[in-house]
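Taken together, the values in this text are just the output of simple stated rules run on the coordinates, not laboratory data. Bear in mind that the values here come from a model prediction, so they are computed numbers and not experimental data. Positions of Cβ are generated from backbone atoms using ideal geometry, with glycine treated the same way; all protein chains shown enter the neighbour counts.
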């Protein structure tokens, strides 16, 4: 193996980092509960959900080089699916969550099938345009609640676990996000993940050596959309309802900021970016009304210090090793 | 059996008002090194792109081993046995030589939709990569990142990438481009060492190399083949001399 990681290997985390993250996330709500800081358990759920959404985006943006400015659409499809199913009171989790994922993945397959015929700036614009269509649909359709969105009376139901309770819901989020992270890890380490990174590196060559580039990109985009839909479904449960705000292009933009901040193409990039973004937002907004200004300045500073994202700082400085 | 491995029949490609390929016919026999020469702007690269599948012809058809491949996408042509190299090196510059070649070997072995199997321990891919690296003379820089290699070395890898696809027909777009005389000689030796293993279409500006390597030569002028024959026939063809070889100095200076 080469001594320095190449783009094909830098997107793979070590097993130890995965164990460390899992343990830390599992004991976090217990620590907060003991410390009497129950508010932070709900915040932890929100961070985990956005980490999942950002990691889903990282699969296409970071690994695959497809800059989607439309991932809010998949958050929205997932969220609205759960909210619609819960209109009769409550819905069973085993039905609502998979349906949300399937609906979002189907949406991503349709949007991807059209968008992936374009590249670069056109791809950015066309994904944005599709997401805006979903936003206006949600605003204007009476069945989707229009501007007010769809409130939920209760979270989805899971036998044996009380999801109405903050700690119970946190572990529900952790279990689903954990499954999603395992899936993403296996993807990144597979032949498929390797082909995806290589497409980002040099798409023309990948076609010339015989890869069905379009189909590979569409598969990644569909999977990413499905996982973003799962995040949207969890968000709807967390906030007991959805509003069209979930579908605004701000949401898509924030996810991109999280990925770039954490480290695009690094496995923990989405999680790191989401955690830092949310903690900064949370801590600054308690002090000043103009928190967006300070948040912007801080993000600018971080990006200047670590242009490839925070996860890139962990990489040891490359040794001079030239032919 | 049909002796022709590749036949292009009446290919036409227009870019707006420009007729880049004008009812072009080309026949390449099994096992030969077939050079494609012609002045700048004659449409050599455009023709090559239609054979490889990057461009779709407006009319005409392409037969490979007797089968019509005119409408096949690139990846299916590669699977059928048609691979190409590029005039301007197009490698995975941030990856090592091993990773570059292993990607090409992986494409051939399929399973790129295998979403969950770990790839890190796939010794077979690395084994295949090592064989190709040795064949194109890159065994000593196997673990090096491509961007750190000299231009001549990158040209060798460019050929290796096409070779790793396991082609029966290899389309080489100016493999000597930008190499010094020594590197160019090495590349020539490399191509000759592969003669018989596979059929070549060689687009090249270096006439010495063409006359040294080619079994047969086709001359492309203004989008169509005006002559096809052995090196000696082409050298003495008055039409060719008038159209192309006559102003050898201009062609050489422009190359």
Using the Kirkwood radius over Cα pairs of the stretch B:125-255, the Stokes-Einstein translational diffusion coefficient at 37 °C and 0.692 mPa s, in µm²/s and rounded to a whole number, is 203
Label model pair residue B:25, residue B:150: point-to-point distance (7 angstrom along the Cα→beta-carbon line) in nm is 4.6
Long-range share for the stretch A:134-196, i.e. C-alpha pairs more than 19 Å apart as a percent of all pairs, stands at 61
Distance in nm between residue A:139 and residue B:185 label points, each 7 Å along Cα→Cβ, equals 7.2
Projected area averaged over all directions for the convex hull of the alpha carbon atoms of the stretch A:232-323, nm², comes out at 8.1
The Cα extents of the stretch A:39-314 along the principal axes, largest first and rounded to whole Å, are 54, 40, 37
One checks the Cα atoms of chain B and finds Rg and Dmax, in Å, of 18.5, 62
Taking N as the residue count of the stretch A:59-144, its alpha carbon Rg divided by 2.2 N^0.38 Å gives 1.19
Subtracting the Cα-Cα distance of residue A:303 and residue A:117 from 0.36 nm times their residue separation yields 63.9 nm
Put in order of increasing Cβ neighbours within 10 Å, starting from the fewest, B:47, A:153 give A:153, B:47
The value for the stretch A:1-77 (convex hull of the alpha-carbon atoms, volume per residue, Å³) is 123
Averaged over the residues of B:70-81, the number of partner chain Cβ atoms within 10 Å of each residue's own Cβ comes to 3
Ratio for the stretch B:1-68, C-alpha Rg to 2.2 N^0.38 Å, reads 1.11
Hull volume per residue for the stretch A:122-238, using the convex hull of the C-alpha atoms, in Å³ is 143
Rounded to whole angstrom, the alpha-carbon centroid of the stretch A:49-99 lies from that of the stretch A:182-259 at a distance of 11
With R₀ set to 35 angstrom, the calculated FRET efficiency between the beta-carbons of residue B:192 and residue B:71, to the nearest 0.05, is 0.55
Normalised per residue, the volume inside the convex hull of the alpha-carbon atoms of the stretch A:181-299 in Å³ amounts to 132
Simple SL model, points at 7 angstrom along Cα→Cβ for residue A:154 and residue A:240; separation in nm is 1.2
Counted neighbours (other Cβ, 10 Å), sorted fewest up, put A:215, B:155 in the order A:215, B:155
Per principal axis, largest first, the Cα atoms of the stretch A:1-44 extend in Å by 48, 16, 11
Extension length gain for residue A:312 and residue A:288 (0.36 nm per residue less Cα distance), in nm, is 5.5 nm
Output ordering of B:171-179, B:3-11, B:60-68 (per-residue mean of other Cβ within 10 Å, highest first) is B:171-179, B:3-11, B:60-68
The Rg/Rh figure for the stretch B:139-204, Cα atoms and Kirkwood Rh, to two decimals is 0.95
In whole angstrom, largest first, the equivalent ellipsoid semi-axes that the Cα gyration tensor gives for the protein assembly as shown are 55, 25, 20
Summing -39500 (n - 2.57) over every DSSP H run of at least 4 residues in chain A and dividing by its residue count gives a helix-only mean residue ellipticity at 222 nm, to the nearest 500 deg cm²/dmol, of -22000 deg cm²/dmol
Ranked on Cβ counts within 10 Å of their own Cβ, fewest leading, A:295, B:101 go A:295, B:101
Per-residue average of other protein chain Cβ atoms inside 10 Å, peptide B:157-164 -> 1
